[in-house]
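Novice: Can you read through this structure? Questions will come right after.
The values are calculated or read from the model by the stated rules, or taken from the named source; none is laboratory data. Predicted model only: the values in this text are computed from it and were never measured. Ideal geometry is used to build each Cβ from the backbone, glycine not excepted, and the neighbour counts take in all protein chains shown.
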Amino acid sequence: MSETQGKGKLALYWAASCGGCEIAVLAIDEKILEVAKHFDIVFWPCATDGKVRDVEKMEDGSIDVCLFNGGIRTSEQEYMARLLRRKSKVLVAFGSCATEGCIPGLANLSNREEIFETVYEETPSTENPQHIVPQHETEVPEGKLYLPVFYDTVFTLDQVVPVDYYLPGCPPEAERIWDAIVAILEGKLPPKGSVIGANTTVCDECPRKRTEKKIKKFYRTWEIIPDEETCLLEQGIICCGVATRAGCGARCPRVNSPCIGCYGPNTDVIDYGARLMAALASVIDSNDPQEIEKIIQDGIPDPVGTFYRFSLAHSLLRRKRKLIAAAAGGK
Amino acid sequence: MKYAYYPGCSLECSSAAYDMSVRAVADLLGIELREIDDWNCCGATEYFSQDELTACAVIARNLALIEPQLDQVVAPCAACYLNLRKVDSLMKEDPALADKINQCLAAGRLHYDPGRVRVRHLLDLIHTDIGETAIKDKVVQPLTGLRVACYYGCQIVRPYDGFDNPEQPVKLDELMTWVGAEVVDFPVKAHCCGGHMTQISEPQAFELIRRLLHNAAEYRADLILCMCPMCQLNLDAYQNRVNSFFGTNYQIPIIFFTQLLGVAFGLDWKKLGFGKEIVPAEPVLRKKLTAPAATA
Amino acid sequence: MANDTFEPKIVGFLCNWCSYRAADLAGTARIKYSPNVRIIRVMCSGRVDPTFVLKALALGADGVMIAGCHPGECHYIEQNYKAMRRYYMLKHMLRALGLEEDRIRLVWASAAEGQQLAEHIDKFVEDVRKLGPLNWPANWQENGERLHAVEAIAKEHEESLEVLP
Amino acid sequence: MAERVGVYVCHCGSNIAGMVDVEEVARWAGANLKDVVVARDYKFMCSSLGQAMIEEDIKKEGLTRVVVAACSPHLHEKTFRRACENAGLNPYLCQMTNIREHVSWVSKDRAKATEKARALVAAAVERVKHQAPLEPFFVKVNPATLVIGGGIAGLQATLELADAGYPVYLVERTPSIGGHMAQFDKTFPTLDCSACILTPKMSEAGQHPNVTLFTYAEVEEVSGSVGHFRVKIRKKARYVEEDKCTGCGICVEKCPRKVVDHDFEAGLGYRKAIYTPFPQAVPRIPVIDVESCIWFERQKCRACEKLCPTGAINFDQKDEEITLDVGNIIVATGWKMFDCKKIPQYGYGRLANVFTALEFERMCNAAGPTGGKIVLRDGKTEPQSVAIIHCVGSRDSNHNEYCSGICCMAALKFGHLVLEKTKAEVYSFYIDMRTNQKGYEEFYHRLLEEGMHFVRGKVAEVTDAARRPEEAGKLIIQVEDTLMGKQRRIPVDMVILMGALEPQADAKELGLKLGISCSMAGWYTERHPKLDPVATMTDGIFVAGVCQGPKDIPASVAQGAAAAARVMAMITKGDVMIEPVVASIIEEKCSGCRICNNLCPYNAIEYDAEKQVSRVITAMCKGCGTCVAACPAGAITGAHFSNEQVFAEIEGILWDAVHGNGGAGVKEGQPVSA
């Protein structure tokens, strides 16, 4: 895209996420000026004024690139996802939430009722004697008011609309964001549906020494002071770097902290947690069923939080079983 | 070591010597036997041919009565041992039957979960749980020179996977060697004594008894050791009848293995129930055990 | 109960050397067993990736069976142990996700054990039948409410756009 | 471009069509499965007409993929792959699905069987679309062969190969080759002398220029694969230097320590602490038994060393490890006899005159401990009556369920020998008389005429407890004669127990080293029970003789020769095709985490420390796919069992769940509303 052709149109949107991704965009520092040189920002509710109505009035496909962060938690977010999909030539799932659900996706361990109960009733700072929880419809003298529907399940962006590119990370590293912008500007994009980034895992960027792996016990981080040079996994600490896409420069392992997997799975892996489970289970150093069970249960008290911390919503099973729904399904 | 104790009817009367010696020996070996409160007859073999459910329920009642903190029960009588085991395992294999039995037990506000209690024979317990070293430690009157035939009968070793070989058991042989006795070969050691056949057809029963006596005599056994009241009764009480029937002259004392163990341990013979047997054992013992016990 | 007519759909991953051949032998010996287990051949139970199991459950299977050579008899020496380790890891995960861990089962069957494999299959089918249908897709779908709500927003906005100018 | 898939559903006569509506399955596949352009059913797909149908469709319809729904791929995968290849389609683009063994033969309900068959066909169709053309690898075959076990089966294999001009290493655990056959006196049914036919073969093997013997040696470790195995053997210290020893036997003669020989003489005779197992042993080099040798016991004696004319005795000798490179391995490790003491009611070990079959073999042998005289344990009394009990430890659910095969004939042979050498009455107690080889039934009739008594019934007990005067001092056989329907007690002087043949105690252990499996009973598993009885599941490893299952001498010899022929075919061809079902690592995706390094039992994954990636050594990979499943980066792919292929197969096999009710068909990434 050369300057003579005129500026492109860029949109950014924030759905179910913490907002860190919005800040991450600014973390590219002065390079944001370079972005501004090439793009008109047509929609960025966090930073510029703009209304949904404006977007609705745009022609379909008139936005060149939309960076969409956050998962889909409510009907409003889904509406925005669909709208921006229709208006954008290239839709990028920006950050871990849009890509694979991220921490908000862990809400899939509960359902709407349980979440409302916690948020609006049970937290110590909550005083709610009337048990008021958000309702989709509310009657007021003037008529009906609507709130977006709060879903039972968090979806990822690509679970509701087709996504062209992904930029994982919680949040994506500034360098990777810039790499992606350059790739878009230069038109050097991988095939649609790809992640713009590395095709290998964190170990590739990790300076620690690795030998062959055999694990007799999994340690939690507070149980052991790890050696600073040896592979953390070989010391029994669950470091997710083996299964997590490179791109961060192995930030966590470099400071003696295990990788927790925010960059998601490597290319063509359809279930991050399954990959990590398979890898870790394979190197458990026991052939005795009871011992294996003990190693697993003692060392991994929270398997979902360990293996699906960032990817539960995008995993094959997507969520914890809703017993009510399952019972209904059986009838 | 605590075990529930199921003496059974025979030990109350005809085999009182067994009960006396079991208690005396157990006491010495530190085995605490807690007699099941309000136990009833196991029904021996007869009930099963009449009505299985009743037979089972009668037996299961004893299992259900065992104090919850005990998980093993000892039965010295072979028939009692077999019946308790049989019902426990029938209940395990057939949950429907177990349900029915428990319905019967419910009438007495009782319940038994199959597998809760492990049914043990006394010999197994002494041999396995006490063991060689502890037994040898207790011997004050070694039975050196006493030739014993160890008679197991049928019910202890068959049909359940037991603590010994079902065809040629050896545990009592080993136990007797530990206390210094000379164990003679007794190839018929697991053959039948005739059981209740004495009441049905004497010639058949006597022939079975004769074979056992004959074999023990052939191997010059001083006495035959039993661990079943029925066996002891048949061999002892009918010995004279067998002799007159076949024109033989066997004079082989038949005693319970616990009685002889008690002798080796230096216990008082009276407390071991000696004198209740018909073919007297004491003369043989006195003759053979010339060397006095160190502490006697 | 609805379970009377419920026929579980079960995916079976059988290793090429022992359990698949056991299934072949069950056939040759004309041993009849439940038709509910549909067999996928893998070279070794060690090839079974937890992803396979999750994928089958996610797509609507009610249970997944993994079968390999007996421990110590693996055609690939010891790879069935790796299958075993992953199996326990998977069970740990399934429990955490609210699934009955009995929906997956690891069994061993040598090439000579057609009868045993058939028994394993029958037992597993019955056990899954007792658990009832899983119907996982229904677990995350929002029962139509979701679509309705999105369309309602679109309609609301359209109407207000019409009114505005 | 969409694939063009052909689906072929076989009736297999009525084998499949009798339970599965094959026409419906084919019709359904054609109507419902994407990319299926041809779907046919046919009486016998494996017939030449069936194959021709596929070939023609490939050419005319331009099929790019083929699915055959028929029997087990273990039977006909090769057939259909060849058909595809003939028509110019890469054979790995053909997928078989098993609707006979896995569906029609095991189902009772036609509708459910048809439903299952549909699912399997859908799975195969979805899978085949993801399959990729593959080319097999070829590996050179080392012409040297390792034979494990120097019994008759191993000897036969060794000589066949050596005579054909190929080098053979023969490894034998005991000090001499010859095996159990060397212990026997006569062989049934011809009654020719065992030693007379065996020893020439032994010495031939001992002297053959192409044969290298390693006796008193065991296989320690096996690595590599077909064409190029590397085998470590441990040659146990003999304490006699082989190159110096002439086999003169002075050491044995002068050795002052005599012990009971539980091996060769089955406990019936004696040997010295330094010994050769038997006079015709090959090699004739003795061995010092450290358990019995006075020097090893209390550092005294060394008589053998002093008297050896060539200075061959070496008390400092150590076990030696030798590495051999071979292309193929023949396993002929034979058997051991059932421990008859496990059936105490038969009295072995308790009643003196109860003998095992092996003891009796030695007793009959003219070179044996009694000089061939049949006598009681006292060494002098000739028995007046002999009982032979069949099926001791075999056909017995308490011990081994299988029939031990050879014992009936061996029992008849024993009967003949007793009748020939003594005046005794001979009783055989059998369950069934099994004499089903050439000349065997005739031999049975001969024994009937010679006056051997046959009692059909399983012996309850052998006892010395006499009931009647005539039983006194005898062994009484208590048996139910099932032909008379009567309990019988038969007093005899001697009892022979026909103990079962059992797998060697360490058969499983060796199997693990070799990567071959055992049946539940412990016999090595052949590749196919009927059509491939000497090959194993591991290419390049063959089995011969009793280690594969009980069999007699002619069958063992035939198997030895057959295994050798199979090996020769491999050597002559020069190279061996290896299925391209192997793992490979995509280096760009590999981060060198090394999770996979330890998982391969064949050490086929190496780590490149410089590039920090792991790599699969294709020739050593056996294609199990464990590393594929374990790779956390998804960097390892398994040819022909790739993730995509299995995922597609799962989707296909759950076709009804995905496309049926429940809305499970919603694809990810697609708008829910149109």
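Novice: Restricting attention to the stretch A:319-326, does a residue exist that is modelled with pLDDT of 95 or more, out of contact with any Lys or Arg (no Cβ under 6 Å at 6 or more places or on another chain) and within 9 Å of chain C (Cβ to nearest Cβ)?
Specialist: Scanning the stretch A:319-326, I find at least one residue that is modelled with pLDDT of 95 or more, out of contact with any Lys or Arg (no Cβ under 6 Å at 6 or more places or on another chain) and within 9 Å of chain C (Cβ to nearest Cβ), so the answer is yes.
Novice: OK, next. Could you grab the pairs with beta carbons closer than 9 Å, sequence gap of 6+ or different chains, first residue in the stretch A:72-101 and over 17 Å from A:G261 (Cα atoms), second one in a helix (DSSP H, G or I) and of a type in the set (S, T, Y)?
Specialist: A:A93/A:T99
Novice: Let me ask another. Condition first: closer than 30 Å to C:C44 by Cβ and hydrophobic (A, V, I, L, M, F, W, C). Now tell me which residues in the stretch D:473-518 satisfy that. Don't jump to the end; show me each part of the working.
Specialist: If we filter the stretch D:473-518 for residues that are closer than 30 Å to C:C44 by Cβ, which is where we start, we get D:502-518.
Result: D:A505, D:A507, D:L510, D:L512, D:L514, D:I516, D:C518.
Novice: If you don't mind, another one. Sort out which residues of the stretch C:103-114 are part of a helix (DSSP H, G or I) and either at pLDDT 95 or above or at the interface with chain A (Cβ under 9 Å from one of its Cβ atoms) (or both), and write them in order of number.
Specialist: Listed by number, the list holds a single entry, C:R103.
Novice: Follow-up question, since we're still on this one. Enumerate the strands (runs of 3 or more DSSP E) found wholly within the stretch A:36-94, keeping only those where 2 or more residues are buried (at least 19 other Cβ atoms within 10 Å of the Cβ) and under 24 Å from the mean Cα position of the chain (by Cα).
Specialist: Qualifying strands (runs of 3 or more DSSP E): A:63-69, A:72-74, A:88-94.
Novice: Just to check your reading of the model, which residue among C:H70, C:H92 is over 23 Å from D:M96 (Cα atoms), more than 8 Å from chain D (Cβ to nearest Cβ) and at pLDDT below 95?
Specialist: C:H70
Novice: Quick check on D:C590: is it away from chain C (no Cβ under 13 Å), in contact with a helix residue (DSSP H, G or I) (Cβ under 9 Å, 6 or more places away or on another chain) and either assigned to a loop (DSSP other than H, G, I, E, B) or touching a residue at least 60 places away in the same chain (Cβ under 8 Å) (or both)? Steps first, please.
Specialist: Numbers: away from chain C (no Cβ under 13 Å): yes; in contact with a helix residue (DSSP H, G or I) (Cβ under 9 Å, 6 or more places away or on another chain): yes; either assigned to a loop (DSSP other than H, G, I, E, B) or touching a residue at least 60 places away in the same chain (Cβ under 8 Å) (or both): yes.
Judged against the criteria, D:C590 is a match.
Novice: Return the total of residues in the stretch B:68-108 being outside any helix (DSSP H, G or I) and among the charged types (D, E, K, R).
Specialist: 2
Novice: Related question: Got a sec? Which of D:T215, D:T199, D:T187 is closer than 23 Å to D:E321 by Cβ and either of a type in the set (S, T, N, Q) or surrounded by 17 or more Cβ atoms within 10 Å (Cβ to Cβ) (or both)? Reasoning before the result, please.
Specialist: Details: D:T199 fails: closer than 23 Å to D:E321 by Cβ; D:T187 fails: closer than 23 Å to D:E321 by Cβ.
After ruling out the rest, the residue left standing is D:T215.
Novice: Here's a follow-up. Residues that are within 11 Å of chain C (Cβ to nearest Cβ), part of a helix (DSSP H, G or I) and either touching a Pro at 6+ places or on another chain (Cβ under 6 Å) or over 30 Å from C:L131 (Cα atoms) (or both): does the stretch A:302-313 have at least one? Walk me through it before giving the result.
Specialist: The first filter runs over the stretch A:302-313 and keeps only residues within 11 Å of chain C (Cβ to nearest Cβ), leaving A:302-308, A:312-313.
Filter once more, keeping what is part of a helix (DSSP H, G or I): A:303-307.
From what's left, either touching a Pro at 6+ places or on another chain (Cβ under 6 Å) or over 30 Å from C:L131 (Cα atoms) (or both): none.
No, the stretch A:302-313 contains no residue that is within 11 Å of chain C (Cβ to nearest Cβ), part of a helix (DSSP H, G or I) and either touching a Pro at 6+ places or on another chain (Cβ under 6 Å) or over 30 Å from C:L131 (Cα atoms) (or both).
Conditions tested, residue by residue: (1) part of a loop (DSSP other than H, G, I, E, B); (2) at pLDDT below 95; (3) within 12 Å of chain C (Cβ to nearest Cβ).
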site	(1), (2), (3)
D:D539	yes, yes, yes
D:G560	no, no, no
D:M568	no, no, no
D:N597	no, yes, no
D:C600	yes, yes, yes
D:G623	yes, yes, yes
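Novice: Limited to the stretch C:115-164, what total is found for residues that are farther than 30 Å from A:K51 by Cβ and assigned to a helix (DSSP H, G or I)?
Specialist: Qualifying residue count for the region: 21.
Novice: For the stretch D:481-492, does any single residue satisfy the condition of being within 14 Å of chain B (Cβ to nearest Cβ), in a strand (DSSP E or B), buried (at least 22 other Cβ atoms within 10 Å of the Cβ) and touching an Asp or Glu at 6+ places or on another chain (Cβ under 8 Å)?
Specialist: Scanning the stretch D:481-492, I find no residue that is within 14 Å of chain B (Cβ to nearest Cβ), in a strand (DSSP E or B), buried (at least 22 other Cβ atoms within 10 Å of the Cβ) and touching an Asp or Glu at 6+ places or on another chain (Cβ under 8 Å), so the answer is no.
Novice: Would you confirm, using the coordinates I've provided, whether C:D49 is facing chain D (nearest Cβ under 8 Å), crowded, with 24+ Cβ neighbours inside 10 Å and at pLDDT 95 or above?
Specialist: Considered against the rule, which asks whether it is facing chain D (nearest Cβ under 8 Å), crowded, with 24+ Cβ neighbours inside 10 Å and at pLDDT 95 or above, C:D49 comes out as yes.
Novice: Also: Filter the stretch A:95-154 down to residues that are among the aromatic types (F, W, Y) and within 14 Å of chain C (Cβ to nearest Cβ), then give me how many there are.
Specialist: Within the stretch A:95-154, residues that are among the aromatic types (F, W, Y) and within 14 Å of chain C (Cβ to nearest Cβ) number 3.
Novice: Hey, among the residues in the stretch A:233-261 that are part of a loop (DSSP other than H, G, I, E, B) and within 15 Å of A:T306 (Cα to Cα), which one's farthest from the other protein chains (Cβ to nearest Cβ)?
Specialist: Filtering the stretch A:233-261 down to residues part of a loop (DSSP other than H, G, I, E, B) leaves A:236, A:238-239, A:246-250, A:255-261.
So of that shortlist, the ones also within 15 Å of A:T306 (Cα to Cα) come out as A:236, A:238-239, A:257-261.
Working: A:G236: 14, A:I238: 12, A:C239: 10, A:S257: 17, A:P258: 13, A:C259: 11, A:I260: 14, A:G261: 10 Å.
In this case the residue turns out to be A:S257.
Novice: Separate question: Scan the stretch B:165-205 for residues that are among the aliphatic types (A, V, I, L, M), in contact (Cβ under 8 Å) with a residue 12 or more places away in the chain and facing another protein chain (nearest Cβ under 9 Å) and jot them down.
Specialist: B:V188, B:A190 - these are the residues of the stretch B:165-205 that are among the aliphatic types (A, V, I, L, M), in contact (Cβ under 8 Å) with a residue 12 or more places away in the chain and facing another protein chain (nearest Cβ under 9 Å).
Novice: What strands (runs of 3 or more DSSP E) lie completely within the stretch A:116-219 and have 3 or more residues being touching a residue at least 40 places away in the same chain (Cβ under 8 Å)? I'd like the intermediate steps shown before the answer.
Specialist: Details: elements: A:137-140, A:143-146, A:150-155, A:165-167.
The strands (runs of 3 or more DSSP E) meeting that bar are A:150-155, A:165-167.
Novice: Got at least one residue in the stretch D:458-478 being over 27 Å from D:K336 (Cβ atoms), away from chain B (no Cβ under 14 Å), out of contact with any Lys or Arg (no Cβ under 9 Å at 6 or more places or on another chain) and surrounded by 17 or more Cβ atoms within 10 Å (Cβ to Cβ)?
Specialist: There is no residue in the stretch D:458-478 that is over 27 Å from D:K336 (Cβ atoms), away from chain B (no Cβ under 14 Å), out of contact with any Lys or Arg (no Cβ under 9 Å at 6 or more places or on another chain) and surrounded by 17 or more Cβ atoms within 10 Å (Cβ to Cβ).
Novice: Answer yes if at least one residue in the stretch D:386-399 is in a loop (DSSP other than H, G, I, E, B) and away from chain B (no Cβ under 14 Å), and no otherwise. Don't jump to the end; show me each part of the working.
Specialist: Going residue by residue through the stretch D:386-399, those that are in a loop (DSSP other than H, G, I, E, B) are D:393-399.
Adding the requirement that they be away from chain B (no Cβ under 14 Å) leaves D:394-395.
Yes: the stretch D:386-399 contains one or more residues that are in a loop (DSSP other than H, G, I, E, B) and away from chain B (no Cβ under 14 Å).
Novice: Quick one: which residue in A:T99, A:T118 is surrounded by 12 or more Cβ atoms within 10 Å (Cβ to Cβ) and closer than 26 Å to A:G273 by Cα?
Specialist: A:T99
Novice: Of the numbered conditions (1) more than 7 Å from chain D (Cβ to nearest Cβ); (2) surrounded by 24 or more Cβ atoms within 10 Å (Cβ to Cβ); (3) hydrophobic (A, V, I, L, M, F, W, C), C:A29 satisfies every one except a single condition; which is it?
Specialist: Condition (2) is where C:A29 drops out.
Novice: Out of B:A57, B:A75, B:A26, report the one residue that is farther than 16 Å from B:M227 by Cβ, of a type in the set (A, V, I, L, M) and either surrounded by 14 or more Cβ atoms within 10 Å (Cβ to Cβ) or under 15 Å from the mean Cα position of the chain (by Cα) (or both).
Specialist: B:A57
Novice: How many residues, within the stretch D:1-55, are surrounded by fewer than 18 Cβ atoms within 10 Å (Cβ to Cβ) and in contact with a Cys (Cβ under 6 Å, 6 or more places away or on another chain)?
Specialist: 0
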